[in-house]
Amino acid sequence: MSGTSMDGVDAALLETDGDAYLRVGRHVCVPYPSNFRGALLRLSFTDADLLGIEQDVTDLQCQAVRELCKTSGVDLATIDVIGFHGQTIRHEPQAGKTWQLGDGQHMADYLARVVVNNFRQNDMAHGGQGAPFAPAYHRALVQSCAISEPVAVLNIGGVSNVSLIDGELLYACDCGPGNALIDDWVSSRCAVPYDQGGRIARAGRIDELALAQLLDHPYFKQVGPKSLDRNTFSAAPASGLSPEDGAATFAAFTAAAIALEARRLPSMPREWVVVGGGRLNTYLLDELRQRLAVPVRVAEDIGWNGAAIEAQAFAYLAVRSLRQLPLSWPSTTGVSKPVTGGVRWNPARTGAAAK
């Protein structure tokens, strides 16, 4: 999995039946080279050299799979299937379009394993938003633990999205910005890739006028399920702020947008569990706790690896795809009916087919 933060590749091992059985293995994160990340960010606005960059994305993610197996002491030949999400470069749900770079056949041939990718396309073909796509796995994780429901699993990557698990009810949507605005802001003004621990934001003050302008966006008037692109929101309202005040304001924007969506959830969570890179920003977590007014924990508090969950999710979804089980539901993406998805790629090498 490589998310909308576009900072690298997460790869995770999972043993599962695509239903309730989960056995979590090791995880690795392979950062993108800085010049490559810049090229990906530019693809959000232009289609230059798509094929070349797609090849590079695929090769880098193949390397992540090999590194994961090496680190874990696992023979790649024993892997049954690789769930290959690819790199999202643009997401336009209102137009029924989403772009994930990644050549499934090339990965299958290169690694000599069965690969499943293109998870989102069938959802969009049936009227869905194509995102968020991890709720099925979030539910499996929650129901494998002693957590009192209803519970909200909040992923804060480039954007933020929530999965509400309450018995048979599974609801999801993108809440608003995640780390993307913060990362882009501190990268351009402080020459660092992200606000480590929220230190820059903690040295600043929230600009309430800029925050109000940021929250005055049509997306927050839409009802879910709904999804958005990494670049949906403009940083313009904060353009005159200091680096510290801007970081504080964008962190508050992320938290306030999540709090707005919390009021619309079909049931009130007893607690929130935060996964993804945003869980490491303590300033953002403090803002969340103030605005949600219910317990907010991070993944590690309950024994999860918060950095690995999205990668684990696409391993889980790959197995569900092979079993033709639903990957999305009307209550998670707005799709017309529960649908499966994903495209299976078999390796072309003789004798290389996985189990």
Region 245-261 residues near the modelled Leu209 label - backbone nitrogen below 11 Å, point 7 Å along Cα→Cβ: none
Taking region 1-86 and dividing mean pair separation by its residue count, relative contact order in percent (alpha carbons under 8 Å, at least six apart): 32 percent
Listed residue (Asn231, Pro218, Leu164) projecting farthest to the positive dipole end of region 117-238, Cβ model: Asn231
Solvent-accessible surface (1.4 angstrom probe) belonging to Glu300, in square angstrom, nearest 10: 90 Å²
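What does the C-alpha gyration tensor say about the overall shape of region 80-224? Classify as rounded when a/c is under 1.5, otherwise prolate if a/b is larger than b/c, or oblate.
Numbers: a/c = 1.64, a/b = 1.34, b/c = 1.22.
Prolate shape, in that a/c is at least 1.5 and a/b is the bigger ratio.
Rounded to the nearest 20 debye, what is the charge dipole size of the chain about its Cα centre when +1 sits on each Lys and Arg Cβ and -1 on each Asp and Glu Cβ?
Working: 31 positive and 37 negative charges, 92 e Å.
Magnitude of the dipole: close to 440 debye.
Per the Cauchy relation, a quarter of the hull surface: what is the mean projected area of the convex hull of the alpha carbons in region 190-242, in nm²? Provide the component values of the computation, followed by the final result.
Details: hull surface 19.9 nm².
Projected over every direction and averaged, the Cα hull of region 190-242 covers 5.0 nm².
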Relative contact order (%) - region 61-183, alpha-carbon pairs under 8 angstrom, separation at least six: 16 percent
Gaussian network model of the chain, springs between alpha carbon atoms under 10 Å - residue of Ala203, Ala262, Ala152 with greatest fluctuation: Ala203
Under 5 Å, built H, 5+ apart or other chain: amide partners of Val192: Ser187
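If you roll a 1.4 Å probe over the heavy atoms of the protein chains, what accessible area per residue do you get for the chain, in Å²?
Values: 14620 Å² over 355 residues.
Here the residues of the chain average 41 Å² of exposed surface.
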Solvent accessible area, Å² - Leu209, 1.4 Å probe, full protein context: 120 Å²
Positive dipole terminus of region 83-222, leading residue within Pro193, Gly204, Ile147 (C-beta point charges): Pro193
Fraction of the pair-distance distribution of the chain above 29 Å, Cα-Cα pairs, percent: 36 percent
Solvent accessible area, Å² - Lys337, 1.4 Å probe, full protein context: 110 Å²
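Using only the heavy atoms of the protein chains and a 1.4 Å probe, how would Leu60, Leu154 rank by accessible area, largest first? Please list the in-between numbers first.
Numbers: Leu60 35, Leu154 0 Å².
From most exposed to least exposed: Leu60, Leu154.
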Given charges at beta-carbon only (K, R positive; D, E negative), |dipole| of region 237-355 in Debye: 860 debye
For the chain, calculated [θ]222 nm from helices alone, where every DSSP H run of n ≥ 4 adds -39500 (n - 2.57): -10500 deg cm²/dmol
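Kindly sort Ile206, Ile53 by accessible area of their heavy atoms, largest first, with the probe set to 1.4 Å. Before the final figure, lay out each step's value.
Values: Ile206 45, Ile53 15 Å².
Per-residue accessible area, sorted high to low, gives Ile206, Ile53.
Top to bottom by accessible area (1.4 Å), largest first, where do Met6, Met268 land? Write down the numbers at each step before the final one.
Details: Met6 5, Met268 130 Å².
Reading off the accessible areas and sorting them downward yields Met268, Met6.
Kindly provide the trypsin sites (Lys or Arg not before Pro) of region 156-241 that DSSP labels as loop, not H, G, I, E or B, and whose Cβ sees at most 14 other Cβ atoms within 10 Å. All intermediate terms of the calculation are to be shown ahead of the outcome.
On the way: sites: Arg189, Arg199, Arg202, Arg205, Lys221, Lys226, Arg230; in loops: Arg205, Lys226, Arg230.
Sparse-neighbourhood loop trypsin sites (Lys or Arg not before Pro): Arg205.
Rounded to the nearest whole Å³, what is the per residue volume of the convex hull around the Cα atoms of region 1-127? Walk me through the numbers on the way to the answer.
Values: hull volume 15.1 nm³, N = 127.
Normalising the Cα hull of region 1-127 by residue number yields 119 Å³.
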Value of Rg to Rh for region 120-189 (Rh from inverse mean 1/r over Cα pairs, i.e. Kirkwood): 1.08
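Against the globular-protein guess of 2.2 N^0.38 Å, express the Cα radius of gyration of region 211-355 as a ratio, rounded to two decimals. Write out the running numbers ahead of the final one.
Values: Rg = 19.3 Å, N = 145, 2.2 N^0.38 = 14.6 Å.
This ratio for region 211-355 stands at 1.33.
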Fraction of accessible area attributable to carbon and sulfur, region 59-118 (%, probe 1.4 Å): 46 percent
For region 247-355, with +1 on Lys and Arg beta carbons and -1 on Asp and Glu, the positive-most of Leu265, Ala318, Ile302 along the dipole: Ala318
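Under the classification rounded if a/c is under 1.5, otherwise prolate if a/b is larger than b/c and oblate if not, where does region 230-300 fall, given a ≥ b ≥ c as square roots of the Cα gyration tensor eigenvalues?
Working: a/c = 2.19, a/b = 1.63, b/c = 1.34.
Since a/c reaches 1.5 and a/b is larger than b/c, the shape of region 230-300 is classed as prolate.
The values are calculated or read from the model by the stated rules, or taken from the named source; none is laboratory data. Bear in mind that the values here come from a model prediction, so they are computed numbers and not experimental data. Heads up, the Cβs are rebuilt from the backbone with ideal geometry, glycines too, and the neighbour counts pull from every protein chain shown. The accessibility values were calculated without ligands, DNA or RNA, using every heavy atom of the protein model including side chains. Shrake-Rupley method; radii C 1.70, N 1.55, O 1.52, S 1.80 Å.
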